[in-house]
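Just so you know, all these numbers are worked out from the coordinates, no wet-lab data involved. Computed from a predicted structure; not experimentally measured. Quick reminder, even Gly has a Cβ in these numbers, built from the backbone with ideal geometry, and neighbours come from all protein chains shown.
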Amino acid sequence: MSGVDIILLRPWWLLGLPILALAGWWLLTRRGGLGDWQKASDPALLRAMAALGRIDTSASRAPVLAMVMVTVLALSGPAIERRDTVSFRNLDGVLFVIDTSASVTDDPRWPQMQAMGRFGLASLGTRPGGLIVYAGDAYVAVDMTLDHLQLGQTLSLIDAKTVPDVGTRPERALKLAADLLREAQVIAGDVILFTDGDGLDAASLRQAAAIAGLGARLSVVSLNTPVAAIDTHAAAGAGTVFTLDQSDAFAEWIGETARTRLEAQDHPLLFWKDVGRYLLLLALFPLLLLFRRQTA
């Protein structure tokens with residue numbers, strides 16, 4: 001259509017219109033418009049008031065019926081098509097990459113590292129998060145999601161048996177993180193590596209640089225005092241190094257420094273704007289007729 005397209009989002013409400021029509025006919029013809037006053041009042045008093053002209057038998061219930069019918073039309077959800085509505089996609093996600101090898105999960109400070117991860121999850125805000133675990137190989141434990149509760153529950157269940165492959169291959173986990181960033185089109189996210197530094201070498205350093213090349217950052221949460229390899233990887237990934245005693249700083253960094261970034265979609269959404277709420281305002285005008293002053 002060249003004009004404005006209008007649809008009804010909830011057309012089943014219109015089924016009430018015939019019922020309202022029957023109810024209105026019954027009310028308008030019921031006892032001359034006096035309703036239940038004939039039951040509640042003394043018949044002699046009503047006759048006397050009628051003789052004095054104090055009973056208006058011409059009073060109409062049409063305003064009430066009009067108000068109810070307009071309300072039903074409003075509830076049916078008349079909507080106008082909008083094709084110029086801009087939609088957005090989230091460009092900022094956080095991937096938590098966890099070393100689950102025995103050197104980490106059997107360490108007495110492992111619960112503290114898990115708590116550090118939960119601090120980070122609690123600071124994500126509206127950004128999606130994901131979870132990658134690795135030892136001798138790397139796996140996606142939780143794909144990019146806004147369900148932060150699921151992420152936290154999965155993080156709490158990680159132990160030495162989570163990844164069956166023996167060894168420590170952080171380069172595989174970082175490559176998997178880079179792949180996830182590409183697939184999710186997250187071009188300004190963060191990859192946070194939880195590690196004790198084992199397995200970090202030239203291969204993992206190349207993956208850190210690759211993550212930075214995607215516009216993301218690689219930061220490291222160190223189980224122990226950061227070794228040179230940890231600092232080098234964070235520098236190559238344009239990120240930051242955190243220790244286990246910096247949980248507040250870590251949470252603040254995620255919540256404040258890594259702000260959500262949004263970009264307009266190439267294709268706008270087909271959007272229907274419900275105008276029923278405005279019809280409800282129109283329904284008030286028939287109601288005002290009931291409050292008009294009567295001449296003496």
Handout entry: Cα-centre dipole for region 99-257 with unit charges at Cβ (Lys and Arg positive, Asp and Glu negative), debye to 20
Key = 300
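Using a Förster radius of 45 Å, what is the FRET efficiency between residue 21 and residue 46 based on their Cβ-Cβ separation? Nearest 0.05, please.
0.95
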Handout entry: Among 174, 188, 114 the positive-end extreme of the charge dipole of region 88-264 (Cβ point charges)
Key = 188
Problem - Residues whose placed amide H lies under 5 Å from that of residue 272, excluding near-sequence neighbours - result: 82
Exercise for the section: Name the long-range amide H neighbours of residue 239: under 5 Å, sequence gap of 5 or more, or other chain; modelled H, no Pro or chain starts. Expected result: 218
Exercise for the section: Could you go through region 68-77 in sequence order and give the Karplus-derived ³J(HN,Hα) for each residue, using 6.51 cos²θ - 1.76 cosθ + 1.60 with θ = phi - 60°, rounded to whole Hz, and x for Gly and Pro? Expected result: 5, 5, 5, 5, 5, 4, 5, 5, 6, x
Fill in the blank from the handout: Projected onto the charge dipole of region 136-236 (unit charges on the beta-carbon of Lys, Arg, Asp and Glu, signs +1, +1, -1, -1), the Cα from 213, 150, 197 with the largest positive-side position is that of 213
Handout entry: Cα shape, region 88-264, gyration tensor, a/c 1.5 rule
Key = rounded
Handout entry: Tensor-based shape of region 167-245 (alpha-carbon gyration tensor, a/c under 1.5 rounded, otherwise prolate or oblate)
Key = prolate
Problem - From phi via Karplus (6.51, -1.76, 1.60), per-residue ³J(HN,Hα) for region 98-106 in Hz, x at Gly/Pro - result: 10, 7, 9, 5, 4, 5, 9, 6, 8
Exercise for the section: Work through the residues other than residue 241 whose Cβ is under 14 Å from its Cβ and net out their charges, Lys, Arg +1 and Asp, Glu -1. Expected result: -3
